[in-house]
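Heads up: the structure comes next, in structure tokens.
The values are calculated or read from the model by the stated rules, or taken from the named source; none is laboratory data. If you're wondering where the values come from, they're calculated on a predicted model, not measured in any experiment. Don't worry about glycine lacking a Cβ; one is built from the backbone with ideal geometry, like all the others, and counts go over all protein chains shown.
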Amino acid sequence: MKDTTDKLAGGFTLVEMLVAVFVIALLVTVMVGVSGIVVRRSGVTHTRATMKVIGRALGAYSDVAGHDPFEPASVRPAPPGWRARDWQAYMRGKGLYDSLMGVPRAQGILQSLPRDAFKSPRGGNRTFADGFGKYMDYLGSKGLKGAPLLLSAGLDGDFGRQEDNIRSDDL
């Protein structure tokens, strides 16, 4: 009589191993795709929530001062190592931050923001950050019906590409 136990003790076949590797690779691909969508959605949600709080602080500022914060003027040229558009957003956001922090009621509203809603680059002054860790830009009264406008460059961090930018007047 033949002993068949030796044949079964040999382990997995090559085909079984390839199928297992394929299934694992497929699961990883799906997880990476889904995680990208989740990161984008959470960044957009975080940015919109931050913009709403800044909008409330802008309202408090206007109530006290009788006008909106400064109208952003031209910004001096970007220093070495900065992209020009990032530098402009940083400087205008810094001006807005400084203006709002000068009004106690607006300052109290801004204190409800999480720590990651602010950014202090290279030891510089604080400004506002979106849900992707990029600078938010303040464009003064260029929003709908002359409302103050905050702008986020979105996930790609590029203000020039409009399709993923987030505007405070779209909320």
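Conditions (1) farther than 20 Å from Gly55 by Cα; (2) in contact with a strand residue (DSSP E or B) (Cβ under 7 Å, 6 or more places away or on another chain); (3) among the basic types (Lys, Arg), marked per residue:
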position	(1), (2), (3)
Gly66	no, no, no
Arg76	yes, no, yes
Pro79	yes, no, no
Trp87	yes, no, no
Met91	no, no, no
Asp116	no, yes, no
Thr127	no, yes, no
Asp137	no, yes, no
Ser141	no, no, no
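Enumerate the pairs (first residue in segment 125-154 and at positive phi; second residue anywhere and aliphatic (A, V, I, L, M)) with beta-carbon separation below 8 Å, excluding pairs fewer than 6 apart on the same chain, so at least 6 apart or on different chains.
Within 8 Å, the pairs are Gly140/Leu149; Gly154/Val44; Gly154/Ile166.
Can you confirm whether segment 149-168 contains a residue that is touching a helix residue (DSSP H, G or I) at 6+ places or on another chain (Cβ under 6 Å) and farther than 28 Å from Arg40 by Cβ?
Checked against the condition, which is being touching a helix residue (DSSP H, G or I) at 6+ places or on another chain (Cβ under 6 Å) and farther than 28 Å from Arg40 by Cβ, segment 149-168 yields no hits at all.
Determine which member of the set Ser42, Ser35 is at pLDDT 90 or above, hydroxyl-bearing (Ser, Thr, Tyr) and under 30 Å from Gly131 (Cα atoms).
Step by step, each of Ser42, Ser35 is checked, and only Ser42 is at pLDDT 90 or above, hydroxyl-bearing (Ser, Thr, Tyr) and under 30 Å from Gly131 (Cα atoms).
Looking only at segment 118-132, which residues are of a type outside the set (A, V, I, L, M, F, W, C) and either buried (at least 22 other Cβ atoms within 10 Å of the Cβ) or outside any loop (DSSP other than H, G, I, E, B) (or both)?
Those that are of a type outside the set (A, V, I, L, M, F, W, C) and either buried (at least 22 other Cβ atoms within 10 Å of the Cβ) or outside any loop (DSSP other than H, G, I, E, B) (or both): Lys119, Pro121, Arg122, Gly123, Thr127, Asp130, Gly131.
Looking only at segment 133-165, which residues are surrounded by fewer than 22 Cβ atoms within 10 Å (Cβ to Cβ) and of a type in the set (A, V, I, L, M, F, W, C)?
Leu139, Leu144, Ala147, Leu149, Leu155, Phe159
Which of the residues belonging to segment 141-171 are under 19 Å from Glu71 (Cβ atoms), modelled with pLDDT of 85 or more, of a type in the set (A, V, I, L, M, F, W, C) and not in a loop (DSSP other than H, G, I, E, B)?
Leu150, Leu151, listed by residue number.
Would you check if Ser62 is within 22 Å of the chain's Cα centre (by Cα), among the hydroxyl-bearing types (Ser, Thr, Tyr) and either closer than 18 Å to Ala153 by Cα or surrounded by fewer than 18 Cβ atoms within 10 Å (Cβ to Cβ) (or both)?
So Ser62 does not fit the description; no.
If Gly55 meets every condition in (1) closer than 24 Å to Leu155 by Cβ; (2) modelled with pLDDT under 90; (3) in contact with a helix residue (DSSP H, G or I) (Cβ under 9 Å, 6 or more places away or on another chain) apart from one, which number is that one?
(2)
When only residues in segment 21-58 that are touching a residue at least 40 places away in the same chain (Cβ under 8 Å) and basic (Lys, Arg) count, which is surrounded by the most Cβ atoms within 10 Å (Cβ to Cβ)?
The extreme case among them is Arg48.
Name the residues in segment 66-117 that are buried (at least 16 other Cβ atoms within 10 Å of the Cβ) and part of a loop (DSSP other than H, G, I, E, B), would you?
Asp68, Pro69, Pro72, Val103, Leu113
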